[in-house]
Amino acid sequence: MLQIDVISIFPEYLSPLKLSLLGKAQDKGLVSINIHDLRDQTNDVHKSVDDTPYGGGAGMVMTAEPWAAAIDQITNDQDEVDLIILTPAGEKFNQKMAETFANKSHLIFACGRYEGIDARVGEYYAGKSNFKIHQVSIGDYVLGGGEVAAMVIIEATTRLIPGVLGNPDSLKEESHSITGANDEVLVEYPNYTKPASWRGLEVPEVLLSGNHGEIAKWRKAQAERRTQQLNKE
Ligand code: 6GU
């Protein structure tokens, strides 16, 4: 079973992880998700988790010790851990990364806020042989914190775990899992359902033909066309 721990100063922000597909996956014992409040690791009355940046500049930086205390509490030396630090300065998340994470045994998500987490947290755990550190971003824009990014990554990752989706065939021909003639990653072809005629718009004839070879050819061509269109924009 995949163990997921998420550390945040806004644990309630992550409550959607209990819902829908992910809630069911946890009930089925396929994944275990635990949310941790970073402020539980502070000792002062103000439960402070940030301080001014060395070198000056605007904003606050999250101090290292509460993060390390939280991570140490969740792990032991035998545990193989992938520590995912959410930051707009990280490597861009994609489907391939989701596939990598889905094959791991223990993921810890560190949701930074403010100007981010003291860089020595990543450095410290990178020095431990049982840890692998990933600095990850979900796109070229800035969020208020890593919580939503963690939920994006957790949703994309956990649906790839066998048994999580009701119909595993759903994974076969979806966007980013289809490859073109030169092995490039394609987005999905357009989908249609009943009725065949709707507000004057018709479903493409080939999809009604029952000719599976022609349908597969048409879908591949549509996926290629859509992908080209996106890459132009
Ligand atoms: Cl992971 N964090 C924040 N704060 N902003 C982001 C992001 C992460 N990915 C894209 N923007």
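Figures for the structure shown
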{"quantity": "From the C-alpha gyration tensor of region 1-117, square roots of 5λ in Å", "calculated": "27, 17, 14"}
{"quantity": "Per-bin percent of Cα-Cα distances, region 156-202 [5 Å]", "calculated": "5, 16, 18, 16, 16, 14, 10, 4, 0"}
{"quantity": "Accessible surface of region 89-140 [probe 1.4 Å, protein heavy atoms]: carbon and sulfur percent", "calculated": "43"}
{"quantity": "Whole-number accessible area per residue in Å² for the chain, which is evaluated in the context of all protein chains at 1.4 Å", "calculated": "60"}
{"quantity": "log₁₀ of I(q)/I(0) at q = 0.22 Å⁻¹ - region 146-233, Debye sum with one point per alpha carbon", "calculated": "-1.15"}
{"quantity": "Length released on extending from Ser175 to Leu201, taking residue separation times 0.36 nm less the Cα-Cα span", "calculated": "6.9 nm"}
{"quantity": "Gain in span if fully extended, Lys217 to Leu21, counting 0.36 nm per residue against the direct Cα distance", "calculated": "67.4 nm"}
{"quantity": "Stretch gain in nm, segment Ile74-Asn34, where the contour uses 0.36 nm per residue and the Cα spacing is subtracted", "calculated": "13.4 nm"}
{"quantity": "Descending semi-axes in Å of the chain, equivalent ellipsoid built from Cα gyration tensor", "calculated": "41, 20, 17"}
{"quantity": "Which listed pairs, of Lys24/Lys194; Lys24/Lys104; Lys104/Lys132; Lys28/Lys96, have C-alpha distances above 18 Å, in listed order", "calculated": "Lys24/Lys194; Lys24/Lys104; Lys28/Lys96"}
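The values are calculated or read from the model by the stated rules, or taken from the named source; none is laboratory data. Owing to the predicted nature of the structure, the values given are computational and were not obtained by experimental measurement. Just the protein is used for accessible areas: all its heavy atoms, side chains included, with ligands, DNA and RNA removed. Shrake-Rupley method; radii C 1.70, N 1.55, O 1.52, S 1.80 Å.
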